[in-house]
Amino acid sequence: MDKMRQLRLAKDAMDRDWAEPELDLVAVAAHAGYSRYHFIRAFKEAYGETPGQYLTHRRIERAEEMLRSADLSVTEICHLVGFSSLGSFSARFKARTGLTPSEYRGKHVGRGAALIPGCYAMLWAGGFPTATLKKRRDVRPAYGEEQEADPISTSSDRRAEP
């Protein structure tokens, strides 16, 4: 199988399973048939960003959509899009959009149709995640949340502080 097809299989897996907090680099790399380190380099070469950055961007895009259209709390949206930490979600959201999730909602709500009631949005997303919202002893950051500390990522990926 050629390189681009293998990488596309992994990218498709991230596009399909973006909301899963258990989605990790090893599983995504396995879709492409690469080791995790080789996969990071190959993915960045092909798509211009690391797999963690790509997955974070996908999750933030979905969060933007939910903030504009669903009557859910920021915490509920954070968990629905696959982040395990509200602080990490808010920091990544602000870095990507320039606004906090609450500021984003305030700026964009009211410019179209009424918000979808939260109960319908939660059912559409697969039910109420009561088990995932409970504190667990072995909580690990979701894939994409730890990307800033990843030594594999290049220093050019980091944005300068204003």
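The values are calculated or read from the model by the stated rules, or taken from the named source; none is laboratory data. All values derive from a computational prediction rather than experimental measurement. Here Cβ is always computed from backbone atoms with ideal geometry, including for glycine, and neighbour counts include all displayed protein chains.
I need a count of the residues in region 1-27 that are farther than 20 Å from Phe89 by Cβ, surrounded by 14 or more Cβ atoms within 10 Å (Cβ to Cβ) and aliphatic (A, V, I, L, M).
As a first pass, look at region 1-27 and keep what is farther than 20 Å from Phe89 by Cβ: 1-13, 16, 26-27.
Pick out the ones that are also surrounded by 14 or more Cβ atoms within 10 Å (Cβ to Cβ) and you get 6-11, 13, 27.
Those left that are additionally aliphatic (A, V, I, L, M): 7, 9-10, 13, 27.
Within region 1-27, residues that are farther than 20 Å from Phe89 by Cβ, surrounded by 14 or more Cβ atoms within 10 Å (Cβ to Cβ) and aliphatic (A, V, I, L, M) number 5.
May I ask you to verify whether Leu80 is farther than 19 Å from Glu103 by Cβ, in the same structural domain as Thr100 (by TED's automatic domain parsing), buried (at least 20 other Cβ atoms within 10 Å of the Cβ) and in contact (Cβ under 8 Å) with a residue 60 or more places away in the chain?
Yes.
Can you find a residue that is at pLDDT 90 or above and among the small types (Gly, Ala, Ser) anywhere in region 59-76?
Yes.
Going by what's in this entry, would Thr75 be described as surrounded by fewer than 21 Cβ atoms within 10 Å (Cβ to Cβ) and either of a type in the set (D, E, K, R) or assigned to a helix (DSSP H, G or I) (or both)? Before the answer, list the steps.
Working: surrounded by fewer than 21 Cβ atoms within 10 Å (Cβ to Cβ): yes; either of a type in the set (D, E, K, R) or assigned to a helix (DSSP H, G or I) (or both): yes.
Against the criterion (surrounded by fewer than 21 Cβ atoms within 10 Å (Cβ to Cβ) and either of a type in the set (D, E, K, R) or assigned to a helix (DSSP H, G or I) (or both)), Thr75 qualifies.
Which one of these does Val28 not meet: (1) part of a loop (DSSP other than H, G, I, E, B); (2) touching a residue at least 60 places away in the same chain (Cβ under 8 Å); (3) not charged (D, E, K, R)?
Just one mismatch for Val28, condition (1).
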